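Novice: One structure, pasted below without further comment.
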Amino acid sequence: MQDHHSHKHKHKDKDREKSKDKSRDKHKDKHKDKHRDKDKHKEKSKEKERKHDKEERKQGKEDRKQSKEDKKLDKEEKKKGKEKHKAEKASYVEVKNEPLSEDDDIPLATRSFSQTSQDSEDDDQPLAFRKKIKTEAKAEKPVKRKAEDMTSDNEDDYAASNKKNKKIKEEKKAKAGKKPAAVNGASPTKRVKKEKKEEEETWKWWEEEKHEDGVKWKSLEHKGPVFATDYEPLPGNVKFLYSGKEMKLAAAAEEVGSFYAAMLEHDYVTKDVFNKNFFKDWRKFMTHSEKEIITDLKKCDFTHMLTYFKAKSEEKKNRTKEEKQQLKAENEETVKEYGWCIIDGHKQRIGNFKIEPPGLFRGRGDHPKMGMVKRRVMPEDVIINCSKGTAPKPPAGHKWKEVRHDNTVTWLASWTENVQGQVKYIMLNSASRLKGEKDWQKYEIARQLKDSVEKIRETYKEDWKSKEMKIRQRSVALYFIDKLALRAGNEKDEDQADTVGACSLRVEHISLHEQKNGKQCVVVFDFLGKDSIRYYNEVPVEKRVFKNLQIFMENKKPGDDLFDRLNTTIMNKHLNDLMEGLTAKVFRTFNASNTLQEQLDSLTDPKSTVTEKILAYNRANRAVAILCNHQRAVPKTFAKSMENLQKKIDAKRDAIEDAEKSYKDLKKEAKRTGSAASKIAAGKKEKQVEKLKEQLMKLEVQATDREENKEIALGTSKLNYLDPRISVAWCKKNGVPIEKIYNKTQRDKFQWAIDMAGPEFVF
DNA sequence: ATGGAGACTTAGCAGTCCGTGT
DNA sequence: ACACGGACTGCTAAGTCTCCAT
């Protein structure tokens with residue numbers, strides 16, 4: 001297990017200094033990267049290939065897009081394509097008859113693959129044509145309601161439908177059972193509620209009975225969301241110029257134009273896609289005559305607007321104390337009114353009670369939709385979810401789109417966003433029971449995996465030899481998920497940034513090296529994952545994995561799927577067969593938490609000081625962050641603050657030197673005179689030197705720590721992957737105050753763990 | 001099976017807050 | 001008192017996974 005994660009990302013993307021966007025772009029387009037200088041040559045041709053391939057991929061997209069226009073045709077096309085594909089692949093893809101034997105050294109190229117009758121054809125077909133184009137985000141989808149949503153206001157009806165819900169879910173989850181409960185005494189104790197008094201502050205929901213399966217609440221009451229403030233037209237002296245001439249825009253166009261103006265200095269506006277999308281959408285907000293005049297974004301001059309916004313924010317910064325206080329008070333007032341809900345009789349904080357304001361869509365990476373206008377959400381777009389008879393009032397003069405009472409979901413309000421057509425939700429804060437319980441359950445499943453992971457690993461290693469291609473691919477992908485903590489890798493639409501995970505890796509994302517840096521069978525991963533964050537890793541793998549990968553890559557183009565018979569549904573279905581509740585993401589949670597536990601166990605010296613222990617904790621945390629590839633942009637001020645720190649270190653060094661010198665003098669003096677006073681003075685100096693040295697050490701540690709941390713984000717793993725009970729137990733065992741590890745928000749979120757985990761807890 | 005919608009978790013960034021050293 | 005820089009918070013995009021209709 002240990003060696004499982006022994007690799008580390010030695011090569012970070014050094015381009016991440018400054019602007020991430022820039023560096024990402026570079027990635028995609030130029031394939032820069034210093035660490036690659038070595039095989040520059042190779043790289044170059046490869047690069048060409050990739051570019052070429054990218055084009056092909058694009059072409060493919062286009063084709064598909066087009067065919068979508070005529071669905072019938074499309075279907076036929078697909079069929080044809082599939083058959084063709086089948087025929088093409090059949091010649092090389094079948095391995096069933098020839099499992100790799102243990103000592104198989106025949107060059108792969110000379111292998112011949114034949115088909116046997118036992119393979120059901122369909123079983124072993126590539127899952128071709130996976131990509132789809134999402135139909136344009138529909139402006140208005142027909143409202144789909146759950147059958148059990150009540151349409152009447154009858155309370156019986158409510159109860160009845162509740163029951164129905166329960167029943168439905170129960171049937172489905174009958175086998176899923178209450179498993180988190182059983183493990184390691186961690187189950188919610190069935191203690192009865194106690195002391196109602198302080199309960200408002202701290203509701204120990206973890207000591208209560210859980211809801212029946214599928215039911216998320218019994219009662220839910222809230223005030224509805226807060227809408228973005230209305231648009232405030234610009235003062236008359238703030239001008240927009242077109243072709244150098246002043247032009248007064250109507251409110252609608254002015255508002256959208258100002259979104260752009262405010263971003264004028266952002267990297268986004270250097271991107272064609274962004275500008276194109278923005279301009280196209282902007283025109284939709286123009287009056288007829290505006291549209292006629294404004295035909296070229298390049299002729300637009302927003303600089304006055306930007307200056308105005310900057311001045312305004314400067315003004316904001318310079319507000320007096322009183323003004324600031326007043327504003328704070330006002331904000332607190334809205335939080336008080338809208339930031340809370342009452343759920344099952346308890347007041348709980350809402351996470352995001354404000355509706356997203358309009359603006360320009362800021363997709364990450366190479367997002368095809370960046371720059372599109374995200375329009376203003378009105379009450380008429382919003383669905384409210386709450387208990388019967390408690391619906392909040394819509395803002396004056398408005399109506400809700402719908403009010404429903406669905407207690408099988410956790411959201412309080414929702415709307416459909418126009419850019420991607422996704423549903424957005426207002427939900428509870430992470431300190432709430434609803435979120436906390438789920439979080440707890442997540443870690444319980446991860447702990448279950450700990451118990452069966454060895455078996456699972458044996459299984460997938462065995463499957464590397466399977467004669468069925470599908471199973472081999474599955475087992476290799478699972479190996480990546482487990483060993484490298486890769487994400488599952490769902491298929492993505494064409495109208496999203498091109499990023500991948502384990503199941504969606506393409507041939508172009510890995511390269512195989514029989515030998516690299518003295519290691520055998522090295523796989524180099526280089527792809528963009530979630531949020532277009534680059535994953536680069538050189539991993540020595542088992543020979544069998546290496547050979548399998550060679551087979552998977554045979555006769556494929558760079559843009560082809562590496563695992564052409566695999567997707568996340570197949571993977572998760574298999575995982576669920578191995579262990580109830582197991583999905584791909586559980587491996588990430590498990591490996592992260594497990595790593596933390598192991599690292600803490602090995603790095604913590606019980607005799608060391610609290611400071612040193614915290615350092616050890618951060619090291620452990622960092623190991624996890626690296627495993628999960630949690631990166632961040634190097635802070636803008638990093639270089640400068642590092643320089644300052646270095647200055648301090650130098651100053652300290654000088655101070656030590658001086659002190660040492662005077663210590664020597666004093667010692668000499670003491671020896672010479674033999675006076676008690678000078679001896680004492682010498683002794684004092686000695687202590688001072690020691691103290692200074694200690695300070696220097698601390699500074700140096702800090703410098704290393706900061707340097708090592710500059711492009712690693714610790715927060716994400718702390719918040720989402722590390723079982724808080726590990727940290728809590730560690731704190732309790734080592735006498736480290738929990739506040740040193742978790743700040744206030746984090747303590748709120750992990751209240752349950754802080755309360756229930758004793759020093760003896762082990763993940 | 002497949003695809004799409006829906007629900008919920010995970011993610012990095014940007015702006016603000018706040019403590020610290022000068 | 002003030003400037004600096006790191007910590008924290010809020011925001012919302014981007015994943016995962018389930019469910020349901022076809």
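Novice: May I ask you to give the solvent-accessible area per residue for segment A:592-756, in square angstrom, as obtained with a 1.4 angstrom probe?
Specialist: On a per-residue basis, 55 Å².
Novice: Roughly how many Å² of A:R349 are accessible to a 1.4 Å probe, to the nearest 10?
Specialist: Using a 1.4 Å probe on the heavy atoms, I get roughly 80 Å².
Novice: Right, here's the next one. Which order do you get for A:D296, A:D526 if you rank them by accessible area with a 1.4 Å probe, largest at the top?
Specialist: Most to least solvent-accessible, the answer reads A:D296, A:D526.
Novice: Treat every Asp and Glu Cβ in segment A:592-756 as -1 and every Lys and Arg Cβ as +1, leave all other atoms uncharged, and give the resulting dipole magnitude about the Cα centre to the nearest 20 debye.
Specialist: So the dipole magnitude of segment A:592-756 works out to roughly 600 debye.
Novice: Measure up A:K461/A:K519; A:K204/A:K424; A:K648/A:K698; A:K438/A:K492; A:K435/A:K718; A:K450/A:K740 against 18 Å on the Cα-Cα distance and list the ones that go over.
Specialist: A:K461/A:K519; A:K204/A:K424; A:K438/A:K492; A:K450/A:K740
Novice: For A:G351, enumerate residues with amide H under 5 Å from its amide H, sequence gap 5+ or separate chain, H modeled in the peptide plane.
Specialist: The answer is A:M427, A:L428, A:N429.
Novice: Run the quick spin-label model on A:L297 and A:A396: label points 7 Å from Cα toward the beta carbon, then report their separation in nm to one decimal.
Specialist: The modelled label-to-label distance comes out at 4.0 nm.
Novice: For the ranges A:437-443, A:287-293, what's the packing order if you count other beta-carbon atoms within 10 Å of each residue, average per peptide, and put the highest first?
Specialist: Highest-to-lowest ranking by the protection proxy: A:437-443, A:287-293.
Novice: Sort A:H211, A:H630 by heavy-atom solvent-accessible area, probe 1.4 angstrom, most to least.
Specialist: Per-residue accessible area, sorted high to low, gives A:H211, A:H630.
Novice: Over the heavy atoms of A:W400, what accessible area does a 1.4 Å probe trace out, to the nearest 10 Å²?
Specialist: 40 Å²
Novice: Can you give the relative contact order of segment A:592-756 as a percent, counting alpha carbon pairs under 8 Å and 6+ residues apart?
Specialist: 33 percent
Novice: If amide H atoms are built 1.01 Å from N in the plane of the peptide, which residues on other chains or at least 5 residues away come under 5 Å of the amide H of A:V226?
Specialist: Answer set, sorted by chain and number: A:K354, A:I355.
Novice: A:K424's amide H: which non-local residues (gap 5+, or another chain) put their own amide H closer than 5 Å, with H modeled 1.01 Å from N in plane and none for Pro or chain starts?
Specialist: Those qualifying (amide H under 5 Å, at least 5 residues apart or on another chain) are A:W415, A:T416, A:E417.
Novice: Sticking with this one: When only alpha-carbon atoms count, how far does segment A:223-282 stretch along each of its three principal axes, as whole angstroms with the largest first?
Specialist: 47, 30, 20
Novice: Continuing with this model, one more query. Rounded to two decimal places and with Rh computed the Kirkwood way over Cα pairs, what is Rg over Rh for segment A:648-729?
Specialist: Looking at segment A:648-729, the ratio lands at 1.34.
Novice: Order these peptides, A:331-342, A:709-720, by their mean beta-carbon neighbour count within 10 angstrom, highest first.
Specialist: Peptide ranking by packing, descending: A:709-720, A:331-342.
Novice: Could you check the spin-label model distance between A:E330 and A:K276? Points 7 Å from the Cα along Cα→Cβ, value in nm.
Specialist: It is 4.2 nm.
Novice: If you don't mind, there's one more thing I want to ask. Quick check for you: with a 1.4 Å probe and neighbouring chains kept, what is the accessible area per residue of segment A:431-517, in Å²?
Specialist: 34 Å²
Novice: Provide the FRET efficiency to the nearest 0.05 for the A:L719-A:E322 pair, computing r from the beta carbons and using R0 = 35 Å.
Specialist: 0.45
Novice: Here is a follow-up. Can you give me the distance in nm between label points at A:M378 and A:V701, each placed 7 Å from the Cα along the Cα-to-Cβ direction?
Specialist: Placing both labels 7 Å along Cα→Cβ, they lie 6.1 nm apart.
Novice: A further question follows. Ignoring ligands, DNA and RNA, what percent of the accessible area of segment A:592-756 is carbon or sulfur (1.4 Å)?
Specialist: Carbon-and-sulfur percentage of accessible area, whole number: 52.
Novice: Show me A:594-606, A:556-568 ranked by packing, highest mean number of other Cβ atoms within 10 Å first.
Specialist: A:556-568, A:594-606
Novice: Could you please put A:V226, A:V522 in sequence from largest to smallest accessible area, using a 1.4 Å probe?
Specialist: Solvent-accessible surface, decreasing: A:V226, A:V522.
Novice: Another question, then. Rounded to the nearest 10 Å², what accessible area does A:Y260 show when all protein chains are kept and the probe is 1.4 Å?
Specialist: Per-residue accessible area (A:Y260): approximately 20 Å².
Novice: Apply the Kirkwood formula to segment A:592-756: the hydrodynamic radius equals the inverse of the mean of 1/r over all pairs of different alpha-carbon atoms; give it in Å with one decimal.
Specialist: Taking the inverse mean of 1/r over all distinct Cα pairs, segment A:592-756 comes out at 18.7 Å.
Novice: State to the nearest 20 debye the size of the charge dipole of segment A:578-628 about its Cα centre, where the only charges are +1 on K and R beta carbons and -1 on D and E beta carbons.
Specialist: Dipole of segment A:578-628, to the nearest 20 debye: 180 debye.
Novice: Taking Cα centroids, how far is segment A:322-373 from segment A:664-706 in Å?
Specialist: About 55 Å separates the Cα centre of segment A:322-373 from the one of segment A:664-706.
The values are calculated or read from the model by the stated rules, or taken from the named source; none is laboratory data. If you're wondering where the values come from, they're calculated on a predicted model, not measured in any experiment. Positions of Cβ are backbone-derived with ideal geometry, glycine not excepted, and every protein chain shown enters the neighbour counts. These accessible areas exclude ligands, DNA and RNA; they are computed on the full protein's heavy atoms, side chains included. Shrake-Rupley method; radii C 1.70, N 1.55, O 1.52, S 1.80 Å.
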